[in-house]
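Colleague: Take a look at this one; I'll ask things after.
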Amino acid sequence: MILRRMLSSLCALLISACQPASKQFLNTNITGSALKTQVPLTTSDSQTLQLNAPNSKQITAVFFGFTMCPDVCPTTLGNLKLVKQQLGKDADQLRVILVSLDPERDTPEILKLYTQAFGGDFIGAATDLTHTPILAKDLGITYEKIGSEKYYMVKHTGNLYLIDRDGRFRVSIPYGADVKSITYDVKQLINEKH
């Protein structure tokens, strides 16, 4: 009996030792990157928003794009809608923000209509033309206006970022990441002790 318990304990120990160490995030951990900006944003509801400000109630998913984006932006926001559905009762702990890289065309009214098409609580935000490049540089976002007149496009970084409750950029998620991996990483941040 004692020998059986010892063998059972030894087997459990060996099995657990062979398991890979649990990874905190499935996407890229950027906790040490110290990404930070002092550029204030204005939401489509005319509220001031600071990305690095602590928010004790919510994790933030922030994406940089524009409302006339044909594919990357709507796909990413659509995935975030699915993430919120996957979170169930914890959905209100995730705040989703689209920051416009095209403040010339993305008026507060357009941003509001666009983001709310994905989720009633999704937030559209922007800064002015002068501060948009500063914001992008601070956060390592690249973007470029392509074309002229009113039909130009904005080529931009496709990553989605997760910000913890302390206002720190923690996870970088590449365009095309599946909803399951995004949801997992959001849950990791939700469940962190604050």
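Colleague: Going by average Cβ neighbours within 10 Å, how do the peptides 42-52, 155-165 rank, with the highest at the top?
Modeller: The most tightly packed comes first, giving 155-165, 42-52.
Colleague: Give me the percent of Cα-Cα pairs in region 64-188 that sit more than 19 Å apart, rounded to a whole number.
Modeller: Values: 3713 of 7750 pairs.
Percent of Cα pairs beyond 19 Å in region 64-188: 48.
Colleague: Choose one of P108, Y161, T67: the residue whose Cα lies farthest towards the positive end of the charge dipole of the chain (beta-carbon charges +1 Lys, Arg; -1 Asp, Glu; about the Cα centre).
Modeller: About the Cα centre, the residue reaching furthest to the positive side is Y161.
Colleague: For D178 and S33, calculate 0.36 nm times their separation in residues minus their Cα-Cα distance, and state this gained length in nm to one decimal.
Modeller: Gain on extension, D178 to S33, equals 49.9 nm.
Colleague: Keeping all protein chains in place, calculate the accessible area per residue for region 38-162 (probe 1.4 angstrom), answer in Å².
Modeller: Using a 1.4 Å probe on heavy atoms only, each residue of region 38-162 averages 49 Å².
Colleague: While we're on this one: Just I59, I173, I134 to compare: in a GNM of the chain, with alpha carbon springs under 10 Å, which one fluctuates most?
Modeller: With Cα springs under 10 Å in the chain, the top fluctuation among I59, I173, I134 is at I134.
Colleague: Short version: ³J(HN,Hα) in whole Hz for each residue of region 38-43, in order, from phi by Karplus 6.51 cos²θ - 1.76 cosθ + 1.60 (θ = phi - 60°), x for Gly and Pro, what are they?
Modeller: 9, 5, x, 10, 10, 6
Colleague: Please give the FRET efficiency for I190 paired with M68, using the beta carbon to beta carbon distance and R0 = 30 Å, rounded to the nearest 0.05.
Modeller: Efficiency, from the Cβ-Cβ distance: 0.40.
Colleague: With labels modelled as points extended 7 Å from the Cα through the Cβ direction, what inter-label distance (nm, one decimal) is found for S148 paired with K57?
Modeller: Distance between the two pseudo-spin positions: 4.8 nm.
The values are calculated or read from the model by the stated rules, or taken from the named source; none is laboratory data. The structure presented is a predicted model; accordingly, all values stated were derived computationally and were not measured. Note that each Cβ is placed from the backbone with ideal geometry, even for glycine, and that neighbours are counted across all protein chains shown. What goes into the accessible areas is simple: the full protein's heavy atoms, side chains included, and nothing from ligands, DNA or RNA. Shrake-Rupley method; radii C 1.70, N 1.55, O 1.52, S 1.80 Å.
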